[in-house]
1. Do you know which residues across the stretch 110-121 are more than 15 Å from ligand 2 (Cβ to nearest atom) and of a type outside the set (Ser, Thr, Tyr)?
2. Checking LYS161 against (1) over 23 Å from GLN621 (Cβ atoms); (2) crowded, with 23+ Cβ neighbours inside 10 Å; (3) more than 16 Å from ligand 1 (Cβ to nearest atom), only one condition comes out false. Which one?
3. Any idea how many residues of the stretch 157-194 are farther than 24 Å from THR103 by Cα and outside any helix (DSSP H, G or I)?
4. Residues being in contact with a helix residue (DSSP H, G or I) (Cβ under 7 Å, 6 or more places away or on another chain) and surrounded by fewer than 19 Cβ atoms within 10 Å (Cβ to Cβ): count how many of those fall in the stretch 59-78.
5. Which residues, taken from the stretch 159-207, are touching a residue at least 24 places away in the same chain (Cβ under 8 Å), hydroxyl-bearing (Ser, Thr, Tyr) and within 24 Å of ARG713 (Cβ to Cβ)?
6. With respect to GLN16, determine if the residue is more than 34 Å from the chain's Cα centre (by Cα) and of a type in the set (S, T, N, Q).
7. From the list ALA421, ALA372, ALA363, which residue is closer than 30 Å to VAL123 by Cα, in contact with a Leu (Cβ under 6 Å, 6 or more places away or on another chain) and crowded, with 20+ Cβ neighbours inside 10 Å?
8. In the stretch 87-96, which residues are closer than 25 Å to ILE490 by Cβ and more than 21 Å from the chain's Cα centre (by Cα)?
Amino acid sequence: MLNNPFNKNSSVKKYQSLIDQINILENDLKTLSDSELRAKSFKLTKQYEDNQNLDSLIAESFALTREASSRTLGLRHFDVQLIGGLVLNNQKIAEMKTGEGKTLVATLPAVLNATTKKGVHIVTVNDYLANRDQVSMSQVYRFLGLDTGLIQEGMSPSERKESYNADITYVTNYELAFDFLRDNRALNLTEVVLRPFNYCIIDEVDSILIDEAQTPLIISNNISTPVQKYIIAAESTEYLEPNIHYKVDEKNKNVVLTEEGSKRTEEILSIQNLYDPEDPWIPYIMNALKANTLFFKNVHYIVQNNRIVIVDEFTGRIMPDRRWGDGLHQAIEAKEKLSIRQNTESVASITYQNFFLLYPKLAGMTGTGKTAEIEFEKIYSLPVTEIPTAKPILRKDLPDLIFKDQFSKWNAISQACNNIAATGQPILVGTTTVEKSEMLAQLLNEYKLSYEILNAKPENVRRESEIVAQAGARRSITIATNMAGRGTDIILGGNINFKIQKKLYEILTLSKNSKNSNIFQSQLLNTFEGCSQKFLSVLVSLLNNTEFLELSDVDILRILKENDRISIPTISYQPSIRFLINELISYNKKNQKQENKIVKNLGGLYIIGTERNESRRVDNQLRGRCGRQGDPGTSRFFLSLDDNLLRLFGGPKIQNFMQTQLADDAPLESKLITKSLDSAQERVEERAYQQRKNLFDYDEVLNKQRKIVYNARRRILESISVQKNIYAHGEQVITDLLLELNDKTISLIENFFGQDLVLNYSRDFNSVQKEFALSEIKLYLFNEFWLTYQAKKTEFSIYGDGIIEELERSIILINTDKIWCEHLQKMTLLREAVGWRAYGQKNPLYEYKQDAFFIFENREEFLRHLIIYDLFRAYII
Ligand code: ADP
Ligand code: MG
């Protein structure tokens with residue numbers, strides 16, 4: 001039975017009449033030819049040009065997209081997907097469960113907003129998803145006469161620019177924000193790759209705006225680092241005893257050095273004062289202690305290629321581009337006895353929070369947004385709307401099982417895996433750390449179960465999506481960290497796209513390298529009983545294609561993965577490869593259908609949670625991996641009393657209760673525990689939210705400043721001549737210097753202009769002041785400045801037109817960047833400093849804001865002085 005979404009959910013009721021309109025339009029559109037549909041699409045663009053009113057086009061545009069999708073992909077948007085599309089167009093977050101087809105939903109508002117020709121960005125969490133979504137959805141867009149762009153890691157600026165100029169661009173949050181920062185360091189307009197922001201849809205919006213919001217994105221330069229200090233600090237902390245010399249506060253991730261500890265450390269280092277500002281040791285010692293007691297290998301980081309790579313605690317993913325700040329990263333390098341990398345200084349930075357707020361129109365989608373509703377609303381002004389599922393959810397969420405300790409818990413988990421696997425039902429186990437997933441793997445080995453393990457280790461991350469995609473195949477057991485493979489479509493019975501890519505890769509590389517094609521053909525016929533004669537002949541012709549034969553195995557793999565990227569085949573072997581893929585798809589489809597049925601009968605995917613995560617949202621994310629589109633599925637969490645969450649936040653009452661209630665291995669299903677876990681989780685969530693809110697409040701100050709600087713910078717970058725700015729700066733420099741009028745003022749000014757001023761009055765200012773009013777002196781100096789500037793321009797004009805303009809522009813831009821970089825470091829220091837002031841009964845945020853204002857004002861004065869100084873000293877060799 002299909003449920004009627006409108007009965008259930010009042011918040012979507014208001015869309016009813018629009019949905020009706022779209023449904024009515026659909027009948028008319030069905031009768032039109034492909035080219036007539038495209039003509040309609042162009043008409044909408046024209047209509048928008050005329051009336052600039054997007055709302056009046058919604059129904060027709062959505063209906064067109066739905067029809068285009070039906071014809072190209074064979075997917076017709078469900079009504080609930082239309083609602084999702086409307087919610088996205090209304091600048092809200094659409095919560096649609098995993099597997100409901102959010103990729104397809106995004107096409108609706110994307111097409112509508114693309115009619116403005118101002119660009120639409122669809123943001124995903126990784127390159128694989130951006131690629132996958134662009135490849136599939138571009139067919140819909142192309143049908144309607146819209147072009148699509150894709151940004152991938154490693155693309156050149158010109159490729160990026162082209163992709164951003166497309167009507168609709170698929171890109172990851174990381175690439176997008178970096179392009180923004182880089183654009184704002186461009187010295188030439190041609191280097192800028194982004195257009196002004198217009199409309200953005202963020203997929204997996206909670207991942208990006210909540211989980212990743214904490215760490216700012218930074219572009220940085222290296223600066224010198226006291227390597228020895230890190231090493232010595234690491235060594236000396238080995239002689240300190242916990243609770244005597246230092247105390248660890250695990251909850252707040254902090255370490256405190258006791259008085260005894262300070263003394264002992266000073267002895268070990270044979271220094272007088274740990275806190276000596278001339279030669280400070282305290283930050284190195286504190287970081288070394290933190291590194292030893294709070295940051296563990298294979299939990300918080302892994303060592304890869306002799307480097308420390310951070311593992312995100314929430315997602316279990318590695319974050320190769322991030323480093324812990326304030327010397328912590330180096331301290332961990334010292335602890336692991338790795339070479340210590342240079343400290344860096346940020347030259348540009350932004351948080352995702354503030355980055356995405358730059359879009360005039362923003363929307364997001366996720367399977368798990370409701371529990372973070374308040375945060376979305378407060379920080380981003382993005383309300384969350386729950387969209388009903390197309391089919392009723394059949395997933396069974398079984399009550400938590402609670403064990404006495406880790407030992408009995410993990411035993412029970414592996415036993416459960418063994419029991420479930422015996423029936424062939426696929427299992428997905430979510431773990432929180434690399435260590436735990438490897439431990440479970442060991443336990444499963446004892447049962448002789450085969451499994452796929454997916455954790456933050458680099459050798460696994462590459463295959464992440466492929467492994468997760470097959471998690472629904474019969475008999476498969478997948479161990480994955482929390483959000484590994486997020487966004488990948490887990491199809492019961494297995495995902496044929498990946499299977500086909502793999503199979504075809506094997507066929508192609510094998511046949512290319514096989515000497516005797518006859519033997520190979522018979523082999524092939526054996527493997528593919530059902531494959532057609534045409535399949536063989538296309539394969540043979542491909543093997544005679546010289547261009548194809550030149551490809552390496554890696555090239556072939558890449559081509560298979562990117563197959564649909566090239567819309568019009570330009571390379572001779574492309575159509576053959578596409579044909580082979582299509583053949584294999586239809587060959588495999590029958591098989592897939594059957595497998596799908598079998599797995600459904602087995603009960604679908606079984607999800608096992610091994611620990612409550614730090615937010616309900618992440619738990620829901622894991623559960624949501626099964627029960628896709630009305631599929632059956634089961635989820636169950638296995639917990640233990642000494643799980644982090646219970647241990648740190650459960651409180652002693654629970655611990656005592658449990659100790660008395662729990663027999664050795666038998667689990668307990670306890671409402672009390674579940675309730676206390678819920679509230680512990682809520683407290684952790686609340687705290688994490690407060691931290692992010694705090695970061696946001698502080699960042700807001702910097703954000704305003706960044707906006708001012710970037711806007712001013714952009715205006716300079718875009719102007720043909722900045723002469724007006726130079727005049728203004730020069731006059732202001734004089735005014736600044738005259739504020740403090742004394743004997744040195746004139747030579748100071750001369751110093752700025754790089755040459756002597758012709759003065760027809762005395763250089764002794766005391767006597768000058770008696771004779772002239774300040775305004776007269778000022779005017780006179782302005783005049784001198786204009787003349788000097790004119791002379792400079794004449795000097796440069798010899799070298800050609802536009803040289804001086806170019807020079808002036810670069811001087812302003814380079815100095816803007818330099819001063820901004822210094823400003824960023826100052827703000828970081830200020831941030832630390834105000835933290836201390838909190839002890840003096842002062843409100844640190846208020847203090848921060850005030851001081852930030854003065855630092856920023858100073859920056860402006862400093863900047864114009866540098867600009868004038870540099871300009872008047874510039875010459876051509
Ligand atoms: P989500 O992002 O919501 O988890 P996806 O976009 O990955 O979901 O889509 C999940 C699956 O649903 C895909 O296999 C997709 O082809 C399928 N799907 C989406 N929309 C439809 C539709 N209208 N009809 C049939 N299948 C659909
Ligand atoms: Mg998705």
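1. VAL111, LEU112, ASN113, ALA114, LYS117, LYS118, GLY119, VAL120, HIS121
2. Answer for LYS161: the failing condition is (2).
3. 7
4. The total comes to 5.
5. Across the stretch 159-207, the qualifying residues are TYR164, THR169, TYR174.
6. So GLN16 fits the description; yes.
7. Testing whether each residue is closer than 30 Å to VAL123 by Cα, in contact with a Leu (Cβ under 6 Å, 6 or more places away or on another chain) and crowded, with 20+ Cβ neighbours inside 10 Å leaves just ALA363.
8. Correct list: VAL87 only.
The values are calculated or read from the model by the stated rules, or taken from the named source; none is laboratory data. Quantities reported herein were computed from a predicted structural model and do not represent experimental measurements. All Cβ positions, glycine included, derive from the backbone under ideal geometry; neighbour counts span all protein chains shown.
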